[in-house]
Amino acid sequence: MLCLQICYDGDIPDFKKLTKARQVCPCSLQKGVNDIDDKKLLKELNKILTLEHGHLGMYKNYQDYQDKEIRRAFRRFMEIEIEHINKIKNIFRNLGGIYSPLIESGDIIGNLLGITVNFINDQEVLKTYSFIENKAHEGYMNFVAKLEKDNEPRNNFIAEMVAANMFEAKLMHLWLEDKLRNG
Ligand SMILES: [Fe+2]
């Protein structure tokens with residue numbers, strides 16, 4: 001109990017309650033003595049965090065585009081990706097886990113998804129990014145489904161938190177598809 005108070009001081013109260021209910025010591029996660037599910041959860045979150053960094057890389061050069069609509073959309077998408085990263089980091093902090101991106105730099109998306117982004121024209125960029133956001137949505141859907149199936153209040157709570165990222169990946173995918181079709 002003392003351990004929970006130290007680790008969760010000042011963090012999200014609901015989360016604290018849920019984790020307490022499950023009798024999980026967050027410090028034990030760091031010491032690697034927790035059950036396999038928690039390890040898997042942290043591993044999965046780390047992969048998601050790495051991908052989110054890749055998504056941020058897609059949009060951060062929004063100023064380079066001639067098309068004003070693309071510039072505006074990508075600027076906002078960049079902000080959304082920053083929010084996604086912060087949300088995942090927040091979950092990590094509340095779990096007492098330590099995050100480290102799987103790939104530190106370079107072409108994260110290319111390395112993880114085996115994709116080469118062709119920046120020769122806007123159409124190719126839109127097509128590739130649309131594919132990537134759709135993949136992100138699919139990935140989140142599977143992750144959320146897994147967490148919900150688990151039937152644990154803590155995991156259901158995490159599912160609700162990441163579901164927002166899932167929804168926004170879908171929105172970005174739909175915008176990119178619309179832009180591809182209608183210019
Ligand atoms: Fe994202």
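Under 7 Å by Cβ, and 6 or more places apart or on different chains, what pairs join a residue from region 45-66 that is more than 13 Å from Lys87 (Cα to Cα) with one that is part of a helix (DSSP H, G or I) and of a type in the set (Asp, Glu)? Here the result reads His55/Glu81; Leu56/Glu81; Tyr59/Glu81; Tyr65/Asp122, each pair linking region 45-66 to a residue that is part of a helix (DSSP H, G or I) and of a type in the set (Asp, Glu).
The rows are residues; the columns are (1) at pLDDT 85 or above; (2) within 19 Å of Asp178 (Cα to Cα); (3) more than 15 Å from the ligand (Cβ to nearest atom).
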residue	(1), (2), (3)
Gly32	no, no, yes
Gln63	yes, no, yes
Glu69	yes, yes, yes
Arg72	yes, yes, yes
Phe77	yes, yes, no
Ile108	no, no, no
Ile115	no, no, yes
Ile120	no, no, yes
Tyr129	yes, yes, no
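Taken over region 147-160, the residue count meeting the criterion of being in a helix (DSSP H, G or I), surrounded by fewer than 17 Cβ atoms within 10 Å (Cβ to Cβ) and free of Cβ contacts under 8 Å to residues at least 24 places away in the same chain is 4.
Does Ile103 count as away from the ligand (no atom under 14 Å from the Cβ), at pLDDT below 90 and on the phi < 0 side of the Ramachandran plot? It is true that Ile103 is away from the ligand (no atom under 14 Å from the Cβ), at pLDDT below 90 and on the phi < 0 side of the Ramachandran plot.
Scanning region 127-138 for residues that are surrounded by fewer than 19 Cβ atoms within 10 Å (Cβ to Cβ) and more than 13 Å from Met58 (Cβ to Cβ) yields Asn134, Glu138.
Within region 75-87, residues that are more than 16 Å from Leu45 (Cβ to Cβ) have Cβ atoms under 7 Å from residues that are more than 10 Å from the ligand (Cβ to nearest atom) and among the aromatic types (Phe, Trp, Tyr) in these pairs: Arg75/Tyr62; Met78/Tyr62, counting only partners at least 6 apart in sequence or on another chain. Residues in region 146-175 that are more than 14 Å from Leu95 (Cβ to Cβ) and either within 11 Å of the ligand (Cβ to nearest atom) or of a type in the set (S, T, N, Q) (or both): Asn151, Asn156, Ala164, Asn165, Met166, Phe167, Glu168, Ala169, Lys170, Leu171, Met172, His173. Within region 155-180, the set of residues being out of contact with any helix residue (DSSP H, G or I) (no Cβ under 7 Å at 6 or more places or on another chain) and of a type outside the set (A, V, I, L, M) comprises Glu160, Phe167, Asp178.
The values are calculated or read from the model by the stated rules, or taken from the named source; none is laboratory data. Remember, it's a predicted structure, so these values are computed and weren't measured experimentally. When we count neighbours, we look across all protein chains shown, and the Cβ atoms used for this are built from the backbone with ideal geometry, even at glycine.
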